[in-house]
């Protein structure tokens with residue numbers, strides 16, 4: 001059966017219009033985005049045909065200035081999460097409110113997914129850290145090192161898994177999917193240049209002991225990260241399992 005190109009493009013545009021701004025839930029928006037991008041790849045629909053992405057501009061999004069980051073979990077996860085979604089992420093210096101907010105630059109739909117994922121993964125790591133501290137009951141003098149090693153182990157493993165999923169998605173991408181990545185990257189670069197933002201290397205003092213039991217426990221916890229909602233907008237719904 002021959003596909004009516006005009007009807008196909010109309011369906012994709014309708015899916016892409018389902019946003020939280022238009023009254024949809026975040027789950028509905030991401031489900032519609034996943035289906036739309038799958039249809040684009042399957043039928044080789046270009047951005048020129050949709051006349052959407054090349055007109056859409058990247059935007060900046062800052063967390064509230066009083067946002068905390070217990071044990072720097074967000075700091076360690078923001079890079080892999082941003083790369084997965086095709087965004088840029090950085091953390092500002094401590095604010096007057098005492099917070100450690102993360103800033104993002106990317107297309108609105110991508111930042112929707114990235115900010116949700118960062119918050120969700122942060123809560124996951126903190127919950128697993130709580131379980132680890134309760135089960136091990138480290139002496140007060142060792143508690144700081146135990147927390148540091150567990151957090152780094154969990155974040156490193158989750159970062160590895162996100163990178164694996166991103167590489168898998170890139171291998172499966174069609175020519176249109178690869179073109180979309182280039183278009184998005186150009187939009188992000190243009191916005192960063194417009195705002196005069198340059199990200200330098202960000203690091204924290206103190207190295208984790210990769211041989212410690214807490215680091216290994218953190219890696220194991222990172223293996224258990226899972227999601228009940230899609231985390232990729234390409235041909236398949238990819239999940240951390």
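The values are calculated or read from the model by the stated rules, or taken from the named source; none is laboratory data. Just so it is clear, the structure is predicted and the values come from calculations on it, not from any experiment. Reconstructed Cβ throughout: ideal geometry from the backbone, glycine too, with neighbour counts over all protein chains shown.
Being modelled with pLDDT under 85, surrounded by fewer than 12 Cβ atoms within 10 Å (Cβ to Cβ) and at negative phi is the requirement here; does residue 25 meet it?
Values: modelled with pLDDT under 85: yes; surrounded by fewer than 12 Cβ atoms within 10 Å (Cβ to Cβ): yes; at negative phi: yes.
For residue 25, the condition - modelled with pLDDT under 85, surrounded by fewer than 12 Cβ atoms within 10 Å (Cβ to Cβ) and at negative phi - is met.
Select from region 152-176 the residues that are over 18 Å from the mean Cα position of the chain (by Cα), assigned to a helix (DSSP H, G or I) and surrounded by 11 or more Cβ atoms within 10 Å (Cβ to Cβ) and write down the one among them that is modelled with the lowest pLDDT. Even if it seems obvious, please write down each step before you answer.
Looking only at region 152-176, we keep the residues that are over 18 Å from the mean Cα position of the chain (by Cα), and these are 153, 171-176.
Among the residues that remain, those that are also assigned to a helix (DSSP H, G or I) are: 153, 171-172, 175-176.
Now drop any that are not surrounded by 11 or more Cβ atoms within 10 Å (Cβ to Cβ), which leaves 153, 172, 176.
Numbers: 153: 97, 172: 71, 176: 61.
Out of the qualifying residues, it is 176.
Test of understanding: among 188, 181, which residue is in a helix (DSSP H, G or I) and touching a strand residue (DSSP E or B) at 6+ places or on another chain (Cβ under 7 Å)? Can you show your working first?
Values: 181 fails: touching a strand residue (DSSP E or B) at 6+ places or on another chain (Cβ under 7 Å).
Among 188, 181, only 188 is in a helix (DSSP H, G or I) and touching a strand residue (DSSP E or B) at 6+ places or on another chain (Cβ under 7 Å).
Go over the candidates 210, 214, 200 one by one and state the one that is under 27 Å from residue 157 (Cα atoms) and either modelled with pLDDT of 90 or more or touching a helix residue (DSSP H, G or I) at 6+ places or on another chain (Cβ under 6 Å) (or both). First the steps, then the outcome.
On the way: 210 fails: either modelled with pLDDT of 90 or more or touching a helix residue (DSSP H, G or I) at 6+ places or on another chain (Cβ under 6 Å) (or both); 200 fails: either modelled with pLDDT of 90 or more or touching a helix residue (DSSP H, G or I) at 6+ places or on another chain (Cβ under 6 Å) (or both).
One residue alone meets the criteria, 214.
Of the conditions (1) surrounded by 12 or more Cβ atoms within 10 Å (Cβ to Cβ); (2) under 30 Å from residue 71 (Cβ atoms); (3) modelled with pLDDT of 80 or more, residue 184 satisfies every one except a single condition; which number is it?
(2)
Can you tell me which of 126, 77 is at pLDDT 95 or above, under 18 Å from the mean Cα position of the chain (by Cα), outside any loop (DSSP other than H, G, I, E, B) and surrounded by fewer than 21 Cβ atoms within 10 Å (Cβ to Cβ)?
Details: 77 fails: surrounded by fewer than 21 Cβ atoms within 10 Å (Cβ to Cβ).
Result: 126 is the single residue among 126, 77 that is at pLDDT 95 or above, under 18 Å from the mean Cα position of the chain (by Cα), outside any loop (DSSP other than H, G, I, E, B) and surrounded by fewer than 21 Cβ atoms within 10 Å (Cβ to Cβ).
Name the residue, out of 68, 60, that is more than 18 Å from residue 191 (Cα to Cα) and either in contact with a helix residue (DSSP H, G or I) (Cβ under 8 Å, 6 or more places away or on another chain) or surrounded by fewer than 22 Cβ atoms within 10 Å (Cβ to Cβ) (or both).
Values: 60 fails: more than 18 Å from residue 191 (Cα to Cα).
Checking each option against the conditions leaves just 68.
Which ones in region 88-111 are assigned to a loop (DSSP other than H, G, I, E, B) and under 30 Å from residue 16 (Cα atoms)? Working first, answer last.
Keep residues of region 88-111 that are assigned to a loop (DSSP other than H, G, I, E, B), which gives 92-101, 107.
Once the filter is applied, which keeps residues that are assigned to a loop (DSSP other than H, G, I, E, B) and under 30 Å from residue 16 (Cα atoms), region 88-111 yields 101, 107.
Filtering region 28-70 down to residues that are assigned to a loop (DSSP other than H, G, I, E, B) and farther than 30 Å from residue 195 by Cα, which residue is modelled with the lowest pLDDT? Step through it out loud before you land on a result.
Step one: of region 28-70, the residues assigned to a loop (DSSP other than H, G, I, E, B) are 43-46, 51-58, 63-69.
Next, from what is left, pick out any that are farther than 30 Å from residue 195 by Cα: 43-45.
Details: 43: 85, 44: 83, 45: 80.
Here the answer is 45.
Can you tell which of 16, 8 is in contact with a helix residue (DSSP H, G or I) (Cβ under 8 Å, 6 or more places away or on another chain), surrounded by 18 or more Cβ atoms within 10 Å (Cβ to Cβ) and at pLDDT below 85?
On the way: 8 fails: surrounded by 18 or more Cβ atoms within 10 Å (Cβ to Cβ).
The match here is 16.
Quick check on residue 145: is it over 30 Å from residue 178 (Cα atoms) and part of a helix (DSSP H, G or I)?
On the way: over 30 Å from residue 178 (Cα atoms): yes; part of a helix (DSSP H, G or I): yes.
In short, yes.
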